[in-house]
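Trainee: One structure, as structure tokens, below. Some questions next.
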Amino acid sequence: MKIISWNVNGIRACEKKGFLKFLKKENPDFLCIQESKAHEDQLSTELLSPTWSKEILAKADYQSIWSSAERKGYSGVASYIRSDLACNVKTTFGIGIKKFDTEGRFIIHEYTKNNKKFLLYNVYFPNGAASEERHNFKQEFLKKFLKHLKKKMQENLQIIVVGDYNIAHKAIDIHDPVRLAETSGFLPEERQWFDTFLASGFVDSYRSIYPQKKDKYSWWSYRSLARQNNKGWRLDYICSTKKLASKIKKVDILNKQLGSDHCPVLCEWD
């Protein structure tokens with residue numbers, strides 16, 4: 001099983017920068033994107049149903065599922081599922097809290113095949129930098145989402161949570177932890193939430209393989225040549241419950257992939 005997560009910062013712009021070429025090359029089972037910033041009626045047929053065959057009436061290679069914010073051009077998540085797997089996937093949207101769900105922040109997939117079952121959450125966590133109101137919104141989101149996940153774990157379900165968490169967890173995950181210590185995305189209360197999230201039974205897939213690897217980031221500001229100088233943050237994660245984490249065979253941060261201010265992150269399981 002191969003899953004990739006990527007905050008594309010606008011799928012229509014990313015399409016022009018090689019998004020479909022990337023999807024074809026990597027050929028993941030699931031590609032989960034965040035900040036799609038589009039409604040389905042604004043998208044090309046190629047984006048909605050990627051098809052590599054040139055034959056007339058050829059079956060699409062991927063099915064896409066979209067959860068867009070009510071506000072156009074804002075937020076939104078989408079998942080690309082390989083067509084041969086789609087029959088094994090049931091999808092729901094949101095966690096039942098309207099003010100979060102109307103911002104297009106969740107797609108939840110239930111995958112079942114040959115007695116294998118897991119829940120895959122494609123999530124765009126809020127950014128709390130804009131105002132105190134949005135900071136409080138983010139704090140409530142974190143609290144309510146973790147409560148939701150704990151309830152699912154009580155059902156003995158295996159869970160994967162992918163997406164842009166909008167949190168750099170540890171000092172190793174940010175280029176200047178001292179200067180940025182009081183900056184949204186690296187605030188003590190956000191990092192404490194991440195500690196609690198992992199303590200509840202989740203594993204950060206990248207750090208499970210590379211616990212001390214430095215200078216590996218997934219987001220860079222467009223300002224001040226941040227990407228060229230690797231002045232970044234690791235905001236994008238693939239985390240899973242411990243049983244699934246024990247089967248990880250590969251993780252990567254695809255920091256050479258352009259097309260967004262974020263880069264894709266990848267995890268493969270046996």
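Throughout, read-outs are computed from the coordinates displayed, never taken from laboratory work. All figures in this text were calculated on a predicted structure; none of them were measured in a lab. So basically every Cβ, Gly included, is an ideal-geometry build from the backbone, and we count neighbours across all protein chains shown.
Trainee: Full extension from Arg134 to Ser200: what is 0.36 nm times the residue separation minus their Cα-Cα distance, to one decimal in nm?
Mentor: 21.2 nm
Trainee: Right, another one. Among Ser221, Ser67, which comes first, second and so on when ranked by fewest other beta-carbon atoms within 10 Å?
Mentor: Ser221, Ser67
Trainee: Let me ask something else about it. Just Glu132, Glu140, Glu15 to compare: in a GNM of the chain, with alpha carbon springs under 10 Å, which one fluctuates most?
Mentor: The residue with the greatest mean-square fluctuation here is Glu132.
Trainee: Please list, short to long, the whole-number percent of alpha-carbon pairs of the chain in consecutive 5 angstrom bins beginning at zero.
Mentor: 1, 6, 13, 18, 21, 18, 13, 7, 2, 1, 0, 0
Trainee: Mean residue ellipticity at 222 nm from the helices of the chain, using -39,500 (n - 2.57) per DSSP H segment of n ≥ 4 over the full residue count, to the nearest 500 deg cm²/dmol?
Mentor: -6500 deg cm²/dmol
Trainee: Show log10 I(q)/I(0) for the range 122-165 at q = 0.23 Å⁻¹, two decimals, from a solvent-free Debye sum over equal Cα scatterers.
Mentor: Cα-only, vacuum Debye calculation for the range 122-165: -0.82.
Trainee: Which ordering of Thr91, Thr45, Thr102 is given by a fewest-first count of other beta-carbon atoms within 10 Å?
Mentor: Thr45, Thr102, Thr91
Trainee: Another question, if that's okay. Which of Asp215, Asp173, Asp164 moves the most in a Gaussian network model of the chain with Cα springs under 10 Å?
Mentor: The residue that fluctuates most here is Asp215.
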